[in-house]
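Asker: Take a look at the following structure, please.
Any read-out appearing in this document is the output of simple, stated calculations on the displayed coordinates, not a laboratory observation. Predicted, not measured: the structure shown is a model, and the values here were computed from it. Here Cβ is always computed from backbone atoms with ideal geometry, including for glycine, and neighbour counts include all displayed protein chains.
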Amino acid sequence: ICPGGPVPDKYRRKWSDSQDAKSQTVGAGSCWTLPVAVPKAGSELRWRFGTASGEVAFAVRFRPPDSDKDGGEVRDLVAPRRVPFSRHAPHSGSVSCHEPGTYELVFDNSFSWLTRKDLRYSVELLPPSSDGIDLTSEVNFTEDNVVTVD
């Protein structure tokens with residue numbers, strides 16, 4: 001490796017090959033939402049994702065437990081913005097969950113009419129630290145893609 005030159009792929013860590021990374025295709029002109037059920041206030045929701053090529057818009061929304069009954073109130077916690085393609089450095093972030101409910105990770109490809117996006121992602125939900133338990137809860141995916149925590 002020469003100083004200032006490109007780093008060969010064989011020397012890069014590939015996070016998307018890790019066991020906790022999942023795959024999802026976001027169709028051309030469509031949007032995919034991953035709901036995460038958060039049972040306790042004070043939890044922390046962390047994410048990491050990247051695409052094989054192209055950019056995708058990303059947002060985080062909060063839906064209270066009874067939002068279906070009261071007209072579907074939804075709040076944006078992370079405003080939608082386009083995340084540029086980066087093969088080697090995935091986009092990562094976190095949000096503090098101040099109240100229980102459903103937190104939705106939204107991957108929006110509606111601006112791309114012809115190209116689908118192959119997404120690799122991982123999600124981690126850390127319980128409130130005041131519980132006195134280890135902060136490495138296991139996240140499970142159900143058949144309808146709702147995330148639960150053991």
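Asker: Which of Phe62, Phe49, Phe111 has the fewest other C-beta atoms within 10 Å, and how do the rest follow up to the most?
Answerer: The most exposed by this proxy come first: Phe111, Phe62, Phe49.
Asker: In the stretch 22-100, which trypsin sites (Lys or Arg not before Pro) fall in coil by DSSP and have 16 or fewer other Cβ atoms within 10 Å?
Answerer: Lys40, Lys69, Arg87
Asker: Taking the Cα atoms of the stretch 43-121 alone, what are Rg (to one decimal) and Dmax (as a whole number) in Å?
Answerer: 14.1, 43
Asker: List Tyr103, Tyr121 from most exposed to least, where exposure is judged by having the fewest other Cβ atoms within 10 Å.
Answerer: The fewest-first ordering by Cβ neighbours comes to Tyr121, Tyr103.
Asker: Next question, about the same structure. Going by how many other beta carbons lie within 10 Å of each one, how would you line up Glu99, Glu44, Glu124, fewest first?
Answerer: Glu99, Glu44, Glu124
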